1. Are any of the residues in the stretch 273-286 in contact (Cβ under 8 Å) with a residue 40 or more places away in the chain, touching a helix residue (DSSP H, G or I) at 6+ places or on another chain (Cβ under 9 Å), open to solvent by 20 Å² or more (accessible area, probe 1.4 Å) and farther than 23 Å from G146 by Cα?
2. Exactly one condition in (1) open to solvent by 10 Å² or more (accessible area, probe 1.4 Å); (2) out of contact with any Gly (no Cβ under 9 Å at 6 or more places or on another chain); (3) part of a helix (DSSP H, G or I) is not met by I188; state its number.
3. Being more than 20 Å from D82 (Cβ to Cβ) and either of a type in the set (S, T, N, Q) or in contact with a His (Cβ under 6 Å, 6 or more places away or on another chain) (or both) narrows it down to one of A234, A268, so name that one.
4. Of the numbered conditions (1) in a loop (DSSP other than H, G, I, E, B); (2) free of Cβ contacts under 8 Å to residues at least 24 places away in the same chain, E240 fails exactly one; give the number of that condition.
5. Within the stretch 218-243, track down each residue that is buried (at least 21 other Cβ atoms within 10 Å of the Cβ) and under 17 Å from Y297 (Cβ atoms).
6. Which one of the conditions (1) open to solvent by 50 Å² or more (accessible area, probe 1.4 Å); (2) closer than 25 Å to T41 by Cα does R215 fail to meet, given that it meets all the rest?
7. Answer yes or no as to whether Y134 is of a type in the set (F, W, Y) and either closer than 30 Å to A61 by Cα or crowded, with 22+ Cβ neighbours inside 10 Å (or both).
8. Of the conditions (1) crowded, with 17+ Cβ neighbours inside 10 Å; (2) small (G, A, S); (3) over 30 Å from D222 (Cα atoms), A128 clears all except one; give me its number.
Amino acid sequence: MTGIPSESPAPPPAGTGNGPAVSRQEFDALFETVRTWGRWTRADRGAWNRVTPDHVRRATALVRSGTTVPLGRPWDTAPGPDNSRPALHYMSDLGDIEPPEPSTHKDFLAVDYHGKAVSHLDALSHVAYRGQLYDGRTAHEWVDAGGARFGAVSALGPLVTKGVLLDLPTVLGCAWLEPGRAVHAADIMSAEQALDVTIGEGDAVLLRSGSIRRRRELGAWDPGTASAGFHVDAVPLLAERGIALLGGDGDSDVRPSPVDGLHSPVHALALAAMGVPLLDNLDLEALSVAAAGAGRYAFLLVVAPLDIPGGTGSPVNPVAVL
């Protein structure tokens with residue numbers, strides 16, 4: 001295919017709100033429905049256990065042109081409404097410390113990456129719900145000032161699998177989804193049909209809302225207050241498909257949250273119930289262009305988090321290969 005087939009049926013009208021509202025009782029029932037506790041021996045790898053060598057081999061077969069597209073955002077040291085804790089970068093050696101020849105230049109990096117500005121991976125220890133991490137581990141017993149002893153990013157290792165881009169603005173014929181727009185199961189299925197792609201076992205699903213383009217054209221805003229993302233009613237479909245990773249150009253959750261008193265319900269369902277790590281704050285604009293040019297929205301995805309013992313996640317620059 002090239003782009004979206006003209007014969008594809010028109011998607012349902014784009015919603016504009018974050019609803020419908022979900023009660024905590026309804027959410028708790030959904031949590032029980034999608035949870036996978038006790039499924040894997042290596043529980044702290046969660047859904048990454050789904051990605052076998054056969055999955056990797058099939059994913060590598062998706063490479064045709066060899067085009068590589070990095071998905072990470074630039075290291076952001078500038079404060080803003082979406083970057084309240086800017087990353088640090090300064091030069092620690094300007095070639096004037098060591099004896100002459102050769103001179104060296106060194107720099108220092110530091111980041112409080114669990115926010116809205118840094119592309120990063122959430123490991124399973126990042127989120128607990130009702131005091132429990134994934135697989136029913138009591139959070140305060142497994143995470144302390146020394147880090148996480150269960151569900152740390154160091155348990156995950158690299159991921160090589162099939163990636164699927166749900167390019168909703170392309171499907172809907174708009175520049176971006178407005179902040180606060182919820183993406184539902186029906187949107188996922190419409191995108192699969194329009195983009196001629198199917199989400200399967202062990203896949204990584206990336207949602208493009210167009211937030212990066214919106215930020216570039218209209219300026220920054222606080223995505224903690226309003227952002228496009230998945231409604232919780234999309235999660236059962238993703239759970240049924242057996243995904244290994246979920247991510248996007250936001251943090252996967254629609255905001256404001258549709259669940260009363262729960263600020264990140266998709267995080268709770270993905271990480272604490274399903275054992276699915278999350279990729280937050282990607283830049284999917286170049287991938288959108290490359291996928292449209294190639295006429296396909298499935299690709300090889302490589303994610304290599306830093307090996308941080310006890311870490312609840314890692315800054316990351318995933319790479320899509322078409």
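The values are calculated or read from the model by the stated rules, or taken from the named source; none is laboratory data. Predicted model, so just to flag it, every value in this text is computed and none were measured. With ideal geometry, Cβ positions are generated from the backbone for all residues, glycine too; neighbour counts draw on all protein chains shown. Ligands, DNA and RNA are stripped out before the accessible areas are found, and what is left, the full protein with its side chains, is counted by its heavy atoms. Shrake-Rupley method; radii C 1.70, N 1.55, O 1.52, S 1.80 Å.
1. yes
2. So the condition that I188 fails would be (1).
3. On the way: A268 fails: either of a type in the set (S, T, N, Q) or in contact with a His (Cβ under 6 Å, 6 or more places away or on another chain) (or both).
That would be A234, the only listed residue that is more than 20 Å from D82 (Cβ to Cβ) and either of a type in the set (S, T, N, Q) or in contact with a His (Cβ under 6 Å, 6 or more places away or on another chain) (or both).
4. Answer for E240: the failing condition is (1).
5. Start the filter on the stretch 218-243 by keeping residues that are buried (at least 21 other Cβ atoms within 10 Å of the Cβ), which leaves 223, 227-232, 234-235, 238, 243.
Scanning the stretch 218-243 gives L238, I243.
6. (2)
7. yes
8. Failed condition: (3).
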